[in-house]
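Asks: The structure is given below, and queries will be raised subsequently.
Nothing in this text is a laboratory measurement; each read-out follows from the coordinates by a stated rule. Only a predicted model underlies this, so the values are computations on that prediction, with no experimental measurement involved. Note that we place each Cβ from the backbone using ideal geometry, even for glycine, and neighbour counts take in every protein chain shown.
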Amino acid sequence: MKNKTRYNKGVEKTKYLIVGNGPAGSSAAEVIRSRDPSGSIMIVDREGERLYSKLLLHKFIIGEVPEQRLYLHKENWLRDHKIILETDGIDSITAGVVKLKSGREVKFEKILFSSGAAARKLGLEGEDLEGVYDFRNLADARGVESGLGTAQNISIVGGGLISTDLIDALVGTGKKINLILRDKEFLWGKVNEKAGRYLEQILLDAGVIIFKENEVSKVSGNTGKIEKIKLLSGEEIASDMLLIAVGIVSNFDYLAGSQIEKNKGILVDEYLQTSEDWTWAAGDVCEHPVQGFNEKIVSGNWLYALESGKIAGENMAGEHKQCWSLPVSVKSLRGVSIGYYGDVLAESETVDAEKEDVFYRFFVKDSKLCSASIVGSQKNSAVIRSAIGKEFSTL
Ligand SMILES: Cc1cc2nc3c(=O)[nH]c(=O)nc-3n(C[C@H](O)[C@H](O)[C@H](O)COP(=O)(O)OP(=O)(O)OC[C@H]3O[C@@H](n4cnc5c(N)ncnc54)[C@H](O)[C@@H]3O)c2cc1C
């Protein structure tokens, strides 16, 4: 506790305050420490875990990756870097002072918001029953891992990349898997149309039962535990586990009373600075500009979180660097790679192409390539990444 000094009337003080210890907050803290060896750094995180990989959580639930291998930092990492991690939540922020959920108050000089995103809820009664999980963090994954011992009928809601992970992990377990999609296809809109059909066939061949253009309308169970779900179509599906992966919502409730500008995320400029001085945001909580396009997006991406956290940390320590990092994700479904380069949700025109069993979808906006998805070998991904932001007709 060397770096933390008691302030008058019980208010504590830190030079750098970081809200959230995911990849964004953690990489910011690391770079700040390398630039400012003696400045006090406090991270407040409601999970209170040292940095772990969310990208391996689906392997952890089926026992393929042990919990210890999820951790990306050694046990002493925080202490060795003289960083204080407080397991607490942020309640509110006013004029350079943060109020924590526990009632403590901390005065800061510079603050980084890196509180990530929460899973979007279905908004249904019964969503709090035992056996219903968001699959957003290690605590959820521990619950799923222990529930899998007895669960036989598993329903997954949502047709995105987290569902891809879950299905890929669970199809080999012998459990019955139901997939409920609001859209007309798996990964609808995001991948080449032919690739979408190909991936769907892979799911069917693996025994996944798919309910398309449907939604969960009711979650029920009599003993405090989920027993079944009902769909809008009226069908009832026996489910002793429900995994919800229907998108994310940036976590910034604690800014409700603040003047800091927000939209879907906390709005930042290319320096990751918010509308207030001495205040930055990085990772899933920020809505950031995209190079070459007149728009801001929430990336929801590990690599973006790491890189934006690092640059925000450098800027907090006195530099003036721009962040133009692109969100990039690569997943695998039954051995088939699915890669997203840039924001594939962008409202844009799409152009599909296919070459040597690799399926491409290009997203084009203002006649420039804004993002792409590849299903199959990702060996051309570097070329495609470097073309993002350039005139599409010249490619
Ligand atoms: C199962 C899963 C698989 C994924 N797979 C991929 C993938 O393959 N590729 C990819 O690019 N991305 C993937 N992602 C997304 C990626 O993990 C996130 O984009 C990344 O973790 C965002 O980092 P972050 O630091 O911004 O936020 P987070 O990692 O969410 O960390 C934020 C931290 O802030 C804390 N916090 C939140 N609110 C408060 C508060 N009010 N007070 C205090 N602390 C708070 C949270 O407890 C959390 O520890 C996956 C996510 C999940 C859940």
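Asks: Just want the ordering: T94, T173, from fewest to most Cβ atoms lying within 10 Å of their own Cβ.
Replies: T94, T173
Asks: Continuing with this model, one more query. Place +1 on the Cβ of every Lys and Arg and -1 on the Cβ of every Asp and Glu in the chain, take the dipole about the Cα centre, and give the residue among I167, S275, G96 whose Cα lies farthest towards its positive end.
Replies: G96
Asks: Rounded, prolate or oblate: which fits the chain, taking a ≥ b ≥ c as square roots of the Cα gyration tensor eigenvalues, rounded meaning a/c under 1.5, else prolate when a/b beats b/c?
Replies: Working: a/c = 1.96, a/b = 1.31, b/c = 1.50.
Oblate, since a/c reaches 1.5 and b/c is not below a/b.
Asks: Right, something else. Which one of G234, S26, V364 has its Cα pushed farthest toward the positive end of the charge dipole of the chain, where Lys and Arg give +1 and Asp and Glu give -1 at the Cβ?
Replies: The Cα lying farthest towards the positive end belongs to S26.
Asks: Can I ask one more? Once the Cα atoms of helix 302-316 and of the chain are each reduced to a long axis, what angle between those two axes, in degrees from 0 to 90 to the nearest 10, is obtained?
Replies: So the inclination is approximately 10 degrees.
Asks: Based on Cα positions only, what radius of gyration and what Dmax would you give for the stretch 346-394, in angstroms?
Replies: Just the Cα atoms of the stretch 346-394 yield Rg and Dmax of 10.3, 29 Å.
Asks: Which of the trypsin sites (Lys or Arg not before Pro) across the stretch 53-125 are loop residues per DSSP, with 15 or fewer other Cβ within 10 Å?
Replies: K74, K82, K101, R104, R120, K121
Asks: 7 Å from Cα along Cα→Cβ at both R104 and A256: what's the point-to-point distance in nm?
Replies: Spacing of the two 7 Å Cα→Cβ label points: 2.3 nm.
Asks: For the chain, set up a GNM with springs between Cα atoms under 10 Å and report which of Q291, Q201, Q273 has the largest fluctuation.
Replies: For the chain, modelled as a Gaussian network with Cα springs under 10 Å, the answer is Q201.
Asks: Relative to the Cα centre, what is the charge dipole magnitude of the stretch 9-88, using +1 at the beta carbon of each Lys and Arg, -1 at the beta carbon of each Asp and Glu, and rounding to the nearest 20 debye?
Replies: Working: 13 positive and 12 negative charges, 52 e Å.
So the magnitude is around 260 debye.
Asks: Against the longest principal axis of the chain, how steep is helix 193-205, in degrees 0 to 90 to the nearest 10, with axes from Cα atoms?
Replies: Taking Cα atoms only, the helix is inclined about 80 degrees.
Asks: For a test of the definition: using alpha carbon positions, the gyration tensor, and the 1.5 limit on a/c, classify the stretch 53-126 as rounded, prolate or oblate.
Replies: Cα axes put the stretch 53-126 in the oblate bin.
Asks: Something else: Compute the label zone of Y198 within the stretch 299-341: residues whose backbone N is under 11 Å from the point 7 Å along Cα-to-Cβ.
Replies: Hits in the stretch 299-341 for Y198 at 11 Å: 336-338.
Asks: Would you calculate a helix-derived [θ] at 222 nm for the chain, using -39,500 (n - 2.57) for each DSSP H run of n ≥ 4 and dividing by the full residue count, to the nearest 500? Walk me through the intermediate numbers first.
Replies: Numbers: 9 runs with 81 residues, N = 395.
Value at 222 nm, helices only, nearest 500: -6000 deg cm²/dmol.
Asks: What angle do you read, to the nearest 10 degrees and between 0 and 90, between the alpha-carbon axis of helix 23-35 and the longest principal axis of the chain?
Replies: 30 degrees
Asks: Going through the cross-link list K82/K379; K74/K296; K218/K264; K101/K262, which pairs have a Cα-Cα distance over 32 Å in this structure?
Replies: Distance filter (> 32 Å) returns K82/K379; K74/K296.
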